[in-house]
Every structure is written in C-alpha cells, then in structure tokens.
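Structure first, then comments.
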Amino acid sequence: MKISQVPFAAHNGITINEDNALSLCFEKTVQNHMAGVHAGAQFLLAESASGYYLLTQFPEFVGRITTLLRGSDIKFCKKAFGTLTSHVEISEVDTAKLQKSLNARGRAVIEVLVKITDENDEMTCSGHFRWFVQLMDID
C-alpha cells in the first residue's frame, strides 16, 4: 500500500521516508496559531503511521486485510517544529495474538503505539491506537 492512496493523508503532505516511516514536512498548512505543528496534524501522522504499519508489515497478510480504527488516546509532550517522523511499536505478544486471531477467526483487535519525533529526535507526542483488523474475502 502507498500512503498516497489515502486521500486525507496525501492531501496533508504525509510521505514515506527512506526508513519506511511516515513523515510530515513542516509547511504553513500544518501550523497552529503558535507557528508550530498543529495537534491535529500530529494526530493524523500518528494514526496514519499505525494503520500503515498494520497494512504493510505482516507479509502473510499484505493485501489481504482491512483495518478500522476503534479508538485512540494521544499525549502531546512538547511544541513541535520542523519535519516530524513516526516510530511504530507493537509488542511481540500482541503481534503473535494478531496473527493467531486472524488465522483462526479472520479478525482481531490490536493496539499500536506510535511516537512522533521532531528533527532533533525529541518526542513531541505519543499515542495508542486500537484497530479492528479483518481478513478480506479474496476470490
């Protein structure tokens, strides 16, 4: 999957960087009233990164699953300036549960942790995203 296939993410300038992580360039269109990166733009980057990870990082399911965000919580740590980058984490236990549930039932719920860092590699926010994941019918 290409992130450019998600119209809202592409519209807001989210791209895939050389490390296969999602990034958001610092442009006027993502700024808040304090000339930093708007909280909504940071949320969009984090949510997009969590979904992108699920759709691309499990070779046995690439092109065979669909995802739907069920819930999230996010904490903003410091003002964000400059290009932002996402860092996704899923525990080995949660990965194993996802794979087992998809293989057995065709669906699963998983929580993904995302940290967003600025150009100085300082965390600007972090969030937990709970996803419903389902195998698609492939004929």
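The P(r) of the range 31-98 has a tail past 19 Å containing 43 percent of all C-alpha pairs.
In nm, what is the difference between 0.36 nm times the number of residues separating Lys2 and Met34 and their Cα-Cα distance? Let's see the in-between values first.
Working: separation 32, 0.36 × 32 = 11.52 nm, distance 3.18 nm.
In short, 8.3 nm is gained.
Spatially close Lys pairs in the chain, defined by Cα atoms under 21 Å apart and a spacing of eight or more places or different chains, total 6.
Across the chain, the volume of the C-alpha convex hull divided among the residues equals 109 Å³ per residue.
Centroid-to-centroid, using Cα positions, the range 1-32 and the range 94-129 are 19 Å apart. Rounded to the nearest 10 degrees, the angle from helix 39-56 to the longest Cα principal axis of the chain is 30 degrees. The separation of the range 72-91 from the range 39-61, counted between C-alpha centres, amounts to 12 Å.
Take the alpha carbon atoms of the range 63-131, find their radius of gyration, then divide it by 2.2 N^0.38 Å using N residues; give the quotient.
On the way: Rg = 14.6 Å, N = 69, 2.2 N^0.38 = 11.0 Å.
The reported ratio for this selection is 1.33.
As a length-normalised measure over Cα pairs under 8 Å and 6 or more apart, the relative contact order of the chain settles at 26 percent. Calculated mean residue ellipticity, 222 nm, the chain: -8500 deg cm²/dmol, from DSSP H runs (n ≥ 4) at -39500 (n - 2.57) each, averaged per residue and rounded to 500.
If packing is taken as the mean number of other Cβ atoms within 10 Å per residue, what is the order of 116-122, 87-93, highest first? Mind showing how you got there, number by number?
Details: 116-122: 15.0, 87-93: 13.4.
So the peptides 116-122, 87-93, ranked by packing, come out 116-122, 87-93.
Throughout, read-outs are computed from the coordinates displayed, never taken from laboratory work. None of these values were measured; they are calculated from a predicted model. All Cβ positions, glycine included, derive from the backbone under ideal geometry; neighbour counts span all protein chains shown.
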